[in-house]
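As C-alpha cells, the structure follows; a few thoughts come after it.
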Amino acid sequence: CATTDVATAPAFTQDRHIKSVPTVLLLRGGTTEAREDGVDVNGLDRILAAASTYHAVASADSGPENVSQQQAFAVAEELERQNASPKTVGLWYSAVLQEQENESKRDDGVPSFRARLGVMRSLLQQFEATSDEGNREVLVNQVATLLGELHDQHVECLEGRGRDSLIVNQLVARAGIIADAWAARATSSAIEQEELEVLNFYADGYEEKAMKAALRWYQQSAFRDFDGFIDAYTSPERRVPDRRGGLPQHSLFATDVFARDLDELPGPAAPRALLQRLCQALGPRHTVVQTALAELEFLLDTKKFVPFHTRRICLPMGGPPVMGKGTGRRNGMSKPYWIFYGPERAYKNTRPMGSPHCDKKD
C-alpha cells in the first residue's frame, strides 16, 4: 500500500485522471484494475476484497487451498505475469478446474478454457526445461489429455476470432505437434517415415530442420502423385483437417457421408497439413516461416531458373550526341553531361548473348 500527495505529483494526478480526494487505486502490472473516487465504504470494501486476492500470491507456494475459482484464476495470472515457477502456476490454474468440478458446474465456460490453456503453457514450459525422458513422457501425456478436453468442450473458443486467438491457436498447434510426435514414438502407427522425421525434429527443438524436412516431404509427395495434386487443386473447396481425426464433430465434413481423413484425400494432403501446423505453431513472424513461404513460391517449379538480360544498354537522355562534346557548337551538350555520361560509358559489348550488358549485334 502506498500513498502520494497530489500537490507534489501533478504528472501522476494527470495520468491517472484523479479529480477528487481521496482516490483509491488498485494497480496491477502498471495498469489501474479498480478505483474509487471519493469516500464510499462499499467501494473501498470492493477494492480491499480484490487486493486480498493478490495478497495470496505471497504465499502461493503453499498451494491453492480454500480459495474460490475467481481468486485462484487471478492468482494464477499474477504468478504467470511475475514469471513464477511453471509448476506453481499450473497448480493454481488446475485449482480453477478443480473448483468447478467440486461445485458441479458445467465445464465449458471461458474460465475453464483459460485455465486449461494456462495448465498447458505450464506443462510445455516444464517439458522444455527437463531432459529426463520419463518426466517428458508424463508431461506430454497430460498435454494430450488437455488437447482432447479442449477439442471436446471448447470448440467454439478455439475457432473464435478474438483478440488473442492467434496466440491461442499457436499454443494449441505447438502442443498438438509435440503430442503427436510422442504418440508416434510410443506406438507403431501407420505414418510415413518423413512425417515421423518432421515431428521428431520439432519435438526435439530443431524448428528449422523440421521445416526443411516438411518442405522436402511436400515436394516429393507432390511429384510422386502429380495427378492427385492437380485433382486436389481443381476439386471443390472442402474443410481439410490439420491432423488425423482433427475435424470437429459439428462440422458437416465430419459426417459419415463427407468424412475423409488426410490419407484419403487426393494429392499431398498430409504434408500440406503438417506444413500448415508448423507455420501455425511457429507464428507468422518467425524467420523460419517467412523463409519457408518464400521457398514455397518456387518449390514445385520443374524448369530451371534462367535470369533474363536485355540485349542493349539503354542510355538515359537519348544517348550521347553525334558531334561536339560540351563546346556549345552544333548539337553538342553541356560540360556537366559529359562529366557524368563520359565516353567511357558508351562501350561496345563483347559479352556472350544472354549475359549482362550484351550488345544487340552480338
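The values are calculated or read from the model by the stated rules, or taken from the named source; none is laboratory data. From a predicted model like this one, the values you see are computed outputs, not experimental measurements. Note that each Cβ is placed from the backbone with ideal geometry, even for glycine, and that neighbours are counted across all protein chains shown. Heads up: the accessible areas ignore ligands, DNA and RNA and are worked out on the full protein's heavy atoms, side chains in. Shrake-Rupley method; radii C 1.70, N 1.55, O 1.52, S 1.80 Å.
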Legend entry - For segment 238-294 versus segment 217-237, the gap between their alpha-carbon centres in whole angstrom: 14
Inset, instruction - Determine the sum of side-chain charges near Asp180: Lys and Arg each +1, Asp and Glu each -1, restricted to other residues whose C-beta is under 12 angstrom from that of Asp180. - result: +3
Legend entry - Residues of segment 225-276: accessible area per residue with a 1.4 Å probe, Å²: 64
Inset, instruction - Search the structure for amide H atoms under 5 Å from the amide H of Ala34, placed 1.01 Å from N in the peptide plane, and list their residues when 5 or more places away or on another chain. - result: Leu26
Legend entry - trypsin sites (Lys or Arg not before Pro) restricted to DSSP loop in segment 128-180 with at most 16 other C-beta within 10 Å: Arg161, Arg163
Legend entry - Karplus (6.51, -1.76, 1.60) ³J(HN,Hα), θ = phi - 60°, over segment 199-205, in Hz, Gly and Pro reported as x: 4, 5, 4, 5, 5, 8, x
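Could you sort Thr302, Thr23 by their accessible area in this structure, using a 1.4 Å probe and putting the largest first?
Most to least solvent-accessible, the answer reads Thr302, Thr23.
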Legend entry - Surrounding net charge for Ala273, when Lys and Arg each add one and Asp and Glu each subtract one, Cβ distance under 12 Å: 0
Legend entry - Net charge of neighbours whose Cβ lies under 14 Å from the Cβ of Ser165, counting Lys and Arg as +1 and Asp and Glu as -1: 0
Inset, instruction - Apply the Karplus parameterisation 6.51 cos²θ - 1.76 cosθ + 1.60, with θ equal to phi minus 60°, to every residue of segment 146-152 and state each ³J(HN,Hα) to the nearest whole Hz, in sequence, with x for glycine and proline. - result: 5, 4, x, 5, 5, 6, 7
Legend entry - Burial order of peptide ranges 83-93, 121-131 (average beta-carbon count within 10 Å, highest first): 83-93, 121-131
Inset, instruction - Could you pull the accessible area for Tyr206 with a 1.4 Å probe, rounded to 10 Å²? - result: 110
Inset, instruction - Leaving ligands, DNA and RNA out of it, report the carbon-plus-sulfur percent of the accessible area of segment 183-310 at a 1.4 Å probe. - result: 54
